[in-house]
Amino acid sequence: MALRVCVIVLLAFVVLTGTTDRPLHAECSVEWTFGIPCNSVYLELVTQIKAWKTADNCANGGEKCLYTLKSANEHYIVAEHTTPVRKYVDNLTFKLVSSFDKRSCSVFGFSVSELWYAVFDFGTNYCNLHNLIEGSGLDKVSGYSESTSDSKCTQYSSANCTIY
Ligand SMILES: *[C@@H]1O[C@H](CO)[C@@H](O)[C@H](O)[C@H]1NC(C)=O
Ligand SMILES: *[C@@H]1O[C@H](CO)[C@@H](O)[C@H](O)[C@H]1NC(C)=O
């Protein structure tokens, strides 16, 4: 009996993980372009991470809170995000690359869940990143674009960042 359950669980795992084109672990890579200098992007992101440090902004739900800035310079930002209810910790990095004329900035964002067995995340890793962009208003600057896909970002196309 126990063996049969085991086999079914294993089969379910193989079917769930083997058939779709997506990261094996819950994680998300996103690339953005902003038509403003990296220095400004850097300041906006760091300010937003600090503004959402406490749980206050999640009093009415959502996960736009509990960010911790680990280290930051104009080229690389490291932060953590903790989910308010279950306290899962995700690691976030932003790599900022200036254009040659220094008038626009490309940013490579990455979020990964610390739990080694996390396979699905309901788009949390995407929202960890996107919420900061939206919260800081960087999605409204000229020349803004965002690029990712389900193969680089767990459950991207079904993510609802109002909730996560
Ligand atoms: C997250 O960052 C911590 C250090 O801040 C590191 O020890 C840990 O391995 C990282 N986890 C993942 C999944 O990258
Ligand atoms: C996301 O969730 C909120 C809150 O439950 C809901 O109002 C909204 O319609 C959802 N958006 C999408 C695109 O499903």
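A few remarks follow.
- Helix-only [θ]222 nm of the chain, DSSP H runs n ≥ 4, -39500 (n - 2.57) each, per residue, nearest 500: -8500 deg cm²/dmol
- Between 0 and 90°, nearest 10: helix 124-135 axis offset from the chain longest Cα axis: 20
- List I163, I36, I133, ordered by accessible area with a 1.4 Å probe, largest first: I163, I36, I133
- Separation of the alpha carbons by more than 20 angstrom is noted, of K87/K140; K64/K140; K70/K95; K95/K152; K53/K152, for K87/K140; K53/K152.
- L24, L96, L66, reordered so the largest accessible area comes first (probe 1.4 Å): L24, L66, L96
- Pairwise FRET efficiency - R86 versus D150, Cβ, R0 = 30 Å, nearest 0.05: 0.80
- Three semi-axes describe the equivalent ellipsoid of the chain; taken as square roots of 5 times the Cα gyration tensor eigenvalues and ordered largest first, they are 32, 18, 13 Å.
- When all protein chains stay in place and ligands, DNA and RNA are ignored, the 1.4 Å accessible-area order of F108, F100, largest first, is F100, F108.
- Whole-angstrom Cα spans of region 70-164 along principal axes, big to small: 43, 28, 24
- Computed E for T68/S142 - FRET, C-beta separation, R0 35 angstrom, nearest 0.05: 0.70
- Taken one residue at a time, the phi angles of region 43-57 give Karplus couplings (6.51, -1.76, 1.60, θ = phi - 60°) of 4, 4, 5, 5, 4, 5, 4, 5, 5, 9, 6, 8, 7, 3, 6 Hz. Gly and Pro are set to x.
- The charge dipole of the chain, taken about its Cα centre with unit charges on the Cβ atoms of Lys, Arg (+1), Asp and Glu (-1) only, comes to about 220 debye.
- Share of carbon and sulfur in the accessible area of the chain stands at 60%, probe radius 1.4 Å.
- For region 53-120, the convex hull spanned by the alpha carbon atoms encloses 116 Å³ per residue.
The values are calculated or read from the model by the stated rules, or taken from the named source; none is laboratory data. These numbers were taken from a predicted model, which means no experiment stands behind them. Cβ sites come from the backbone with ideal geometry, for glycine too, and all protein chains shown count toward neighbours. The area values use the complete protein model at the heavy-atom level, side chains included, leaving out ligands, DNA and RNA. Shrake-Rupley method; radii C 1.70, N 1.55, O 1.52, S 1.80 Å.
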